[in-house]
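Structure first, commentary second.
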Amino acid sequence: MRAIKGSTVLNGKQWRSQGSHFYNRVAAKFALTPSRFTAYSLLALFVIIATLYVRNTSSRDPGSWFFDPETAYTQKYSAVRQWQAERFIESGSQTTHLSSGRRPQQIRLYDYTYLLKACYDTEAPYIATIEDDVVAMDGWYHRTIEGIKQAGRDQTQALDFFLTVVTVAGLVYWTQSNFTFMDVILTPRLSLFIYAGLVPWAIILTFAEGRVTVFPLPQGINEMNNFGCCAQGLVYPRTKVVDLIDFYTSTRVEFADMLTEQYANEHNEQRWALTPSVLQHIGAKSSKPDDFGHGAKYSRSVAGTIWNFVFELNHAKTLREEHEAAVIDSVDL
C-alpha cells in the first residue's frame with residue numbers, strides 16, 4: 001500500500017483481502033458460512049437464468065404464462081412462403097389466368113361435398129382437402145405421404161379415417177399421461193431447501209412454461225381424437241369418402257369441420273394429426289357468424305387464432321434441402 005497526495009492506493013493482494021472480508025460479512029448477515037453462501041448464491045443465479053430462459057423459449061406457447069401474442073402471431077416462415085408463391089404466380093404459372101373471384105374465400109358444405117365426389121371419381125387412394133387460406137411448407141407432400149405410411153405401420157392397416165396436416169397449438173392441453181413420478185434420494189441437509197424452495201419453483205415453472213413447450217407432440221403422426229379443430233387440411237382414405245359424402249348430404253349442416261368431427265365421433269373413427277404441421281392457416285375471417293365471439297382473443301378473430309406457432313420457426317433453406325432429397329428418393333404411396 002502506498003499513499004498518493006493524501007489518498008491510499010491498495011495493491012492487488014490488499015484488494016482481494018478487503019473483498020474477501022466484505023464477502024464474509026455479507027455471508028454472516030445471512031447466518032451462513034462463506035462456502036454455503038456461495039452455494040446458495042449459485043443456486044439463486046441458476047433459478048434466475050433458468051426462469052429467463054423458460055420465458056424466452058415459451059413465448060410462442062399459448063398455454064404458457066409467458067406467452068407473447070405479438071411475437072407468436074408474427075408471420076416469419078409463412079411470409080417467406082407467401083412471397084415465394086407470389087413470385088411463382090408472377091413467373092407465369094398455370095394459375096395466372098384465374099381471377100380473384102374464382103379463388104373463393106370460404107368453402108361451404110356443398111362445395112366441400114362436390115370436391116370430394118370429384119376427387120373420388122379419379123380413383124386416387126387418398127384424397128386431400130386443403131382450404132384456400134393456408135400456406136404449405138416446402139416439402140409438405142413427402143411429409144404427408146410419410147405420415148400416411150406411419151399410420152398404416154402403427155395400425156397394421158391403411159389410414160383409418162383422416163389425417164390432419166395442420167394442427168393448432170392452442171388446442172393441446174395437459175393430460176394425465178404428461179406426468180410421471182420418481183423417487184428422489186435426498187440428504188437431510190438439502191431436504192428443507194429443496195422441498196421448500198426448488199421443488200415448488202420447478203413445479204410452478206413447469207406449468208408456467210406451457211404444455212406444448214414441456215411436452216411437444218412427437219414428430220410423425222399423433223392420435224387427435226379429442227382436440228381436433230377445423231378443416232384447413234385433411235387427408236382421407238378413399239374407402240371412407242363415400243360414407244362421408246352420404247353423411248354430409250343427409251345431415252345438411254353448413255360447416256364441414258364440425259360435421260366431420262360429428263361423423264368421426266358417432267362412428268368411433270380414429271383421427272390422426274401430422275406433426276410438425278405442414279400447413280399454416282393465415283386466414284383472418286371465418287364464414288361462421290361468431291367470428292369475434294367467445295373464441296376471439298388477443299384482438300384477433302376466432303379464425304385469426306387458428307395458428308401453428310412452431311410453423312413460423314421453420315428455416316426455408318433446410319426445408320428446401322429436405323424436399324430436394326425427398327424428390328431424389330422418390331417418395332410415393
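The values are calculated or read from the model by the stated rules, or taken from the named source; none is laboratory data. Source: prediction; values computed, not measured. In this analysis, Cβ positions are derived from the backbone assuming ideal geometry, glycine residues included, and neighbour counts consider all displayed protein chains.
The residues listed here are Glu269, Glu261; of these, the one that is farther than 21 Å from Ala79 by Cα, of a type in the set (Asp, Glu) and either modelled with pLDDT of 90 or more or part of a loop (DSSP other than H, G, I, E, B) (or both) is Glu269.
Look at Thr71 and say whether it is among the polar types (S, T, N, Q), in contact with a Leu (Cβ under 8 Å, 6 or more places away or on another chain), at pLDDT 75 or above and part of a helix (DSSP H, G or I). Here the answer is no, as Thr71 does not meet what is asked.
Among residues that are outside any loop (DSSP other than H, G, I, E, B), more than 30 Å from Tyr298 (Cβ to Cβ), of a type in the set (S, T, N, Q) and modelled with pLDDT under 80, Ser41 is not included.
Within segment 39-53, residues that are closer than 11 Å to Leu205 by Cα reach no partner that is assigned to a helix (DSSP H, G or I) and of a type in the set (Val, Ile, Thr) with beta carbons closer than 6 Å at six or more positions or on different chains. The single condition among (1) in a strand (DSSP E or B); (2) of a type in the set (Val, Ile, Thr); (3) free of Cβ contacts under 8 Å to residues at least 24 places away in the same chain that Thr206 does not meet is (1). Of the strands (runs of 3 or more DSSP E) lying entirely inside segment 87-186, those carrying at least 3 residues that are under 20 Å from the mean Cα position of the chain (by Cα) and at pLDDT 85 or above are 134-136. Please count how many residues of segment 241-258 are buried (at least 21 other Cβ atoms within 10 Å of the Cβ) and at pLDDT 90 or above. Final tally of qualifying residues: 1. Against the list (1) at pLDDT 85 or above; (2) of a type in the set (Phe, Trp, Tyr); (3) in a helix (DSSP H, G or I), the condition Phe66 fails is (3).
Taking the stated definitions as given, is Val235 at pLDDT 85 or above and either of a type in the set (Val, Ile, Thr) or in a strand (DSSP E or B) (or both)?
Details: at pLDDT 85 or above: yes; either of a type in the set (Val, Ile, Thr) or in a strand (DSSP E or B) (or both): yes.
So Val235 passes the test.
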